[in-house]
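Presented below is the structure to which this report refers.
Rule-based calculations on the coordinates, nothing more; no lab input. What you are looking at is a predicted structure, and each value in this text was computed from that prediction instead of being measured. Glycine also receives a Cβ, built like all others from the backbone with ideal geometry; neighbour counts cover every protein chain displayed.
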Amino acid sequence: MLYYYPTRYSPFWITVTKMIDELYAEKDKEDVCILSVYLNHNIDQFREKHPNQKLIIYQLEPLCATDHWWSSEKILKQLKKVDEVWDYDYQNVLYLKLHGINAKFKPFLYSQSNDNITPKPKDIDVLFFGTSTSRRYEWLYNLNFYLRQNTRSMILANVFHPEIDEYIARSKIIINIHNSNGVSQQEQPRISHLLTNGKHVVSEKSEINYYGNLVKEVADFKEMVLTIHDMLDSYSDNNEYAIKDGFKKLTLDIISDNAKKYLHEKISL
């Protein structure tokens with residue numbers, strides 16, 4: 001498969017291409033997969049350059065959110081110009097199908113190519129990394145206030161792949177917080193990378209938790225504090241192997257013939 005993706009944060013986009021190659025790409029076809037750049041490029045340019053190849057957009061925008069960077073009209077207009085749209089979130093898939101788009105469910109799952117974080121001694125109890133927003137700042141402020149005094153926490157902004165993996169390797173728990181009040185879809189790109197490498201994740205609750213009990217979901221910062229304390233009290237490096245094995249099994253279930261059964265059980269369709 002041939003890929004087009006932004007040069008900015010290219011190490012992250014490369015991890016996405018590795019997962020697609022491993023899980024979803026048809027090995028005997030030279031399809032074209034467009035990642036993110038479809039929003040600021042004319043799709044006709046890709047069609048002219050690859051007239052005899054299938055054009056696929058792997059769509060990562062949270063379409064069901066009330067607050068995202070691109071308008072829904074802009075996104076839909078572009079998506080209608082390609083042969084297939086692959087999406088990480090099944091709510092997005094249903095939304096796209098309602099608008100006549102050939103959308104397919106392709107979630108972020110375990111890939112051996114991205115299972116590459118070397119374990120290190122854990123000198124960070126709780127790690128948060130990501131873009132700083134007012135909503136996240138409020139959660140993190142409260143967390144730091146209520147966590148036990150001997151908890152070693154770290155907050156990182158503007159640290160990306162592959163540098164972030166050094167801090168992930170040194171952390172016992174990584175927390176996930178939605179960036180705004182209008183977001184309730186699970187942050188799969190972030191969480192899947194952590195589960196692929198066996199990390200403990202505590203996340204603010206999403207409308208659908210695709211990863212089941214591999215992720216500890218909480219309703220508010222108070223519950224997050226209690227969950228973190230419980231996990232630190234029972235923490236063992238050996239648990240990371242169990243998380244990774246569980247994610248491998250879940251991946252096999254979803255990409256096998258059991259995918260429809262999985263969706264009905266997890267999403268209550």
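What FRET efficiency, computed as 1/(1 + (r/R0)^6) with R0 = 30 Å and r the Cβ-Cβ distance, is obtained for Thr131 and His50, rounded to the nearest 0.05? With a Förster radius of 30 Å, E is 0.35.
Distance between the C-alpha centres of region 1-72 and region 90-151: 21 Å, rounded to the whole angstrom. Overall, region 113-249 carries a charge dipole of about 60 debye about its Cα centre when +1 sits on the Cβ of Lys and Arg and -1 on the Cβ of Asp and Glu, all other atoms neutral. For the chain, the square roots of the Cα gyration tensor eigenvalues, ordered a ≥ b ≥ c, give a/c of at least 1.5 with a/b greater than b/c, which places it in the prolate category.
Relative protection proxy for 118-126, 229-237, from highest mean packing down: 118-126, 229-237 (other beta-carbon atoms within 10 angstrom).
Taking every DSSP bridge with both residues inside the chain, close to 0 percent are antiparallel. Need one word for region 113-249: rounded, prolate or oblate. Basis is the Cα gyration tensor (sqrt eigenvalues a ≥ b ≥ c); a/c below 1.5 gives rounded, then a/b vs b/c decides. Cα axes put region 113-249 in the rounded bin.
Candidates Asn209, Tyr24, Gly100 compared by Cα position along the dipole of the chain: farthest toward the positive end lies Gly100, with charges placed on Cβ.
Using 0.36 nm per residue and subtracting the Cα-Cα separation, the extra length available between Leu2 and Arg170 on full extension is 57.0 nm.
For region 2-84, the residue among Gln53, Pro11, Leu39 whose Cα projects farthest onto the positive side of the dipole built from Cβ charges is Leu39. Cα gyration tensor of region 110-181, axes a ≥ b ≥ c as square roots of the eigenvalues: rounded (a/c below 1.5), prolate (a/b > b/c) or oblate? In terms of gyration-tensor shape, oblate.
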